[in-house]
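Okay, so here's the structure we're looking at.
Rule-based calculations on the coordinates, nothing more; no lab input. Here the structure is a predicted model, which is why all the values come from computation and not from measurement. Positions of Cβ are backbone-derived with ideal geometry, glycine not excepted, and every protein chain shown enters the neighbour counts.
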Amino acid sequence: GDSVTQMEGPVTLSEEAFLTINCTYTATGYPSLFWYVQYPGEGLQLLLKATKADDKGSNKGFEATYRKETTSFHLEKGSVQVSDSAVYFCALRPGANNLFFGTGTRLTVIP
Amino acid sequence: GAVVSQHPSWVICKSGTSVKIECRSLDFQATTMFWYRQFPKQSLMLMATSNEGSKATYEQGVEKDKFLINHASLTLSTLTVTSAHPEDSSFYICSALTPGHNYGYTFGSGTRLTVV
């Protein structure tokens, strides 16, 4: 079945450090892939997306590339800020309305 | 843009009581809403899909008599956890299908339920 495996946290980084949160998936067909972010007290917000192989999603300095050969969609940012502290969810949409989520990774950035 | 408001953000209840969680679309009509649950260190799991004016569709393994979903209006869906037990303690999140906004989904902020 469809599933997402996401790097467990929590992750603690110093400001301006490089961030990678790993995400791999299992799916039949050609799913769309997403990263969602949840800031404290708020709902999940779409951070970026990719709809086909080799697509790169990017937003707010974050990037993720849809790698079909490795079934991965790792999230990266070159220089994190304190304001990036949040929980990050990797998700896939196989084609219907449903979204399959990873476990979420809590990121804390310290000054 | 589309906004979904979910209340309460956290609730503590005694075993055997019922708890209602509300999910409101503030500036749009939500014909389809989804309810998710997340146990500690596990994924967000879809519990059910509700369409306004019709019965909810529950995912396999979710007890429909225990988790009552009502979607009687285009702006409100409710999830009632009936006869709650400690094992129902979890994080519950709703989302609305919003074609054209947020790439199709707008989420509430979630409800942390603790049953004691």
Query - Estimated distance in nm for a label pair at B:Thr114 and B:Leu68, the labels positioned 7 Å out from Cα along Cα-to-Cβ - result: 2.6 nm
Query raised in the report: Under 26 Å from the Cα of B:Lys55, which lysines turn up, not counting those fewer than eight places away in the same chain?
Result: B:Lys20, B:Lys64, B:Lys66
**Report entry** Most to least packed among A:40-47, B:10-17, A:98-105, B:51-58 [average Cβ atoms within 10 Å]
**Finding:** A:98-105, A:40-47, B:51-58, B:10-17
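Report D for segment A:8-111 in µm² per second (integer): Stokes-Einstein, Kirkwood Rh on Cα pairs, 4 °C, 1.567 mPa s.
Result for D is 94 µm²/s.
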Requested in this report: Taking the Cα centre of the protein assembly as shown as origin, sum charge times position over the Cβ atoms of Lys and Arg (+1) and Asp and Glu (-1), and report the length of that vector in debye to the nearest 20.
Outcome: 280 debye
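Please label the shape of segment A:38-95 as rounded, prolate or oblate, based on the square roots a ≥ b ≥ c of the eigenvalues of the alpha-carbon gyration tensor (a/c under 1.5 means rounded; beyond that, a/b larger than b/c means prolate, else oblate).
In terms of gyration-tensor shape, oblate.
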Report summary line: Charge dipole of segment B:1-91 built from unit charges on the beta carbon (Lys, Arg +1; Asp, Glu -1), centred at mean Cα; most positive-end Cα among B:Leu74, B:Ser54, B:Trp10 is B:Trp10
Report task. Take B:Val3, project a point 7 Å from its Cα along the Cβ direction, then tell me which residues of segment B:22-55 have their backbone nitrogen under 11 Å from it. Result -> B:26-28
Report summary line: The extension gain from A:Thr28 to A:Asp55, computed as 0.36 nm times the residue separation minus the Cα-Cα distance, is 7.9 nm
**Report entry** segment A:85-110 and segment B:28-52: distance between their alpha carbon centers, rounded to Å
**Finding:** 14 Å
Requested in this report: Just check chain B against the gyration tensor rule for me: Cα atoms, a ≥ b ≥ c as the square roots of the eigenvalues, rounded for a/c under 1.5, and otherwise prolate or oblate depending on whether a/b exceeds b/c.
Outcome: prolate
Requested in this report: Taking the Cα centre of segment B:1-91 as origin, work out the dipole magnitude from +1 charges on Lys and Arg Cβ and -1 charges on Asp and Glu Cβ, in debye rounded to 20.
Outcome: 120 debye
Requested in this report: Excluding residues fewer than 8 places away in the same chain, name every one of the aspartates and glutamates whose C-alpha is closer than 13 Å to that of A:Lys60.
Outcome: A:Glu76, A:Asp84
